[in-house]
Amino acid sequence: HTIVELNGVSKTFANGTTALSGFDISVQRGDFLCLLGASGCGKSTVLRLLADLDVPSSGNVMWSDTQARESLSMVLQEATLLPWATVDDNVWMPLRIKGISKTDAASRIATALELVGLSDSAALYPRELSGGMKMRVSLARALVSEPSVLLLDEPFAALDEITRFRLNDELLTLRGKLDCTVIFVTHSVFESAYLANRVAVMDDMGKISEEIAIDAPYPR
Ligand code: ADP
Ligand code: ADP
């Protein structure tokens with residue numbers, strides 16, 4: 001069923017830049033949807049509207065599943081880890097903000113770290129991690145609150161090609177273990193074809209020009 005729909009959404013910023021105009025999409029539960037488009041076409045703006053970090057100038061963002069709206073996690077391109085906190089403390093952070101002690105969060109932290117293959121790195125600091133590992137910590141931090149919707153904004157774009165390829169594979173494996181709807185923003189045609197079961201191609205006018213369903217997944 002439909003989790004969230006954007007209907008006729010437009011977004012014009014205070015400086016007059018129009019990022020979206022007449023943007024429509026309907027996200028189904030269980031989708032791995034890639035929003036594919038050139039830099040500056042409005043992809044991040046879509047995610048920000050979904051995450052309630054901004055409001056549309058016109059049109060609607062309609063959640064049919066309010067529970068999904070409340071359990072949403074977002075991962076950004078830069079792994080924004082707290083430098084003075086260990087890996088497990090970074091992963092604990094979203095639960096800590098909700099007032100959950102580290103003891104009470106311990107099993108969820110352990111599960112999230114295990115999902116991203118960092119069980120042995122819990123006591124390390126971000127400066128001791130490679131770029132790929134930092135991104136895995138960011139993913140674990142997003143997963144620790146057991147989100148039903150995961151928003152990923154070019155999460156691997158800053159990484160080298162090989163690490164990026166490996167993390168794409170890990171993300172697919174991860175997704176097989178989670179009951180999670182994923183919206184993944186990328187400017188890489190390859191990445192979208194590799195990951196998604198639906199690709200929404202955005203044009204430079206801030207709307208979707210084409211939608212592609214991928215029935216036969218890329219050979220894995
Ligand atoms: P993408 O994620 O596809 O690279 P964005 O959604 O970040 O694109 O941006 C779409 C357009 O809106 C760009 O032209 C960008 O410069 C502009 N933009 C984004 N955020 C703001 C803002 N807060 N104020 C003004 N312009 C913005
Ligand atoms: P990734 O593929 O996750 O980017 P790398 O291939 O860069 O990882 O690193 C391989 C291994 O080397 C990592 O699993 C980690 O244990 C170790 N490592 C990498 N960078 C550092 C670092 N700056 N400090 C300590 N250990 C590191």
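The values are calculated or read from the model by the stated rules, or taken from the named source; none is laboratory data. A quick note: this is a predicted structure, and the numbers were derived from the prediction, not measured. Virtual Cβ from ideal backbone geometry, glycine too; neighbours counted across all protein chains shown. Ligands, DNA and RNA are stripped out before the accessible areas are found, and what is left, the full protein with its side chains, is counted by its heavy atoms. Shrake-Rupley method; radii C 1.70, N 1.55, O 1.52, S 1.80 Å.
Taking residue 206 as meeting all but one of (1) in a strand (DSSP E or B); (2) within 16 Å of ligand 1 (Cβ to nearest atom), write down the number of the exception.
The failed condition is (1).
Just need a number here: residues in the stretch 41-71 that are outside any helix (DSSP H, G or I) and either among the hydroxyl-bearing types (Ser, Thr, Tyr) or open to solvent by 80 Å² or more (accessible area, probe 1.4 Å) (or both).
Qualifying residue count, the stretch 41-71: 9.
So, restricting to helices (runs of 4 or more DSSP H) that lie completely within the stretch 72-145, which ones have at least 1 residues that are closer than 17 Å to residue 163 by Cβ and more than 16 Å from ligand 2 (Cβ to nearest atom)?
Helices (runs of 4 or more DSSP H) meeting the threshold: none at all.
Could you tell me which of the residues 46, 55, 27 is within 14 Å of ligand 1 (Cβ to nearest atom) and closer than 14 Å to residue 183 by Cα?
46
Quick check: anything in the stretch 74-88 within 29 Å of residue 137 (Cβ to Cβ), aromatic (Phe, Trp, Tyr) and open to solvent by 30 Å² or more (accessible area, probe 1.4 Å)?
Taking every residue of the stretch 74-88 in turn, at least one turns out to be within 29 Å of residue 137 (Cβ to Cβ), aromatic (Phe, Trp, Tyr) and open to solvent by 30 Å² or more (accessible area, probe 1.4 Å).
Report yes if residue 105 is open to solvent by less than 50 Å² (accessible area, probe 1.4 Å), at pLDDT 95 or above and closer than 24 Å to residue 68 by Cβ, otherwise no.
So residue 105 fits the description; yes.
All but one of (1) surrounded by 13 or more Cβ atoms within 10 Å (Cβ to Cβ); (2) at pLDDT below 95; (3) among the basic types (Lys, Arg) hold for residue 141, so report the exception by its number.
(2)
Name the residues in the stretch 149-171 that are surrounded by 22 or more Cβ atoms within 10 Å (Cβ to Cβ) and more than 16 Å from ligand 2 (Cβ to nearest atom), would you?
149, 150, 151, 152, listed by residue number.
Please indicate, with yes or no, whether at least one residue in the stretch 13-33 is under 23 Å from residue 213 (Cβ atoms) and in contact with a Pro (Cβ under 8 Å, 6 or more places away or on another chain).
Yes, some residue in the stretch 13-33 is under 23 Å from residue 213 (Cβ atoms) and in contact with a Pro (Cβ under 8 Å, 6 or more places away or on another chain).
Is the stretch 172-189 home to any residue that is within 16 Å of ligand 2 (Cβ to nearest atom), open to solvent by less than 20 Å² (accessible area, probe 1.4 Å), at pLDDT below 90 and not β-branched (Val, Ile, Thr)? Steps first, answer last, please.
Narrowing the stretch 172-189 to residues within 16 Å of ligand 2 (Cβ to nearest atom): 173-174.
Filter again for open to solvent by less than 20 Å² (accessible area, probe 1.4 Å), leaving 174.
Narrowing further to those that are at pLDDT below 90: 174.
With the extra rule that they be not β-branched (Val, Ile, Thr), the set shrinks to 174.
Yes, that holds for at least one residue.
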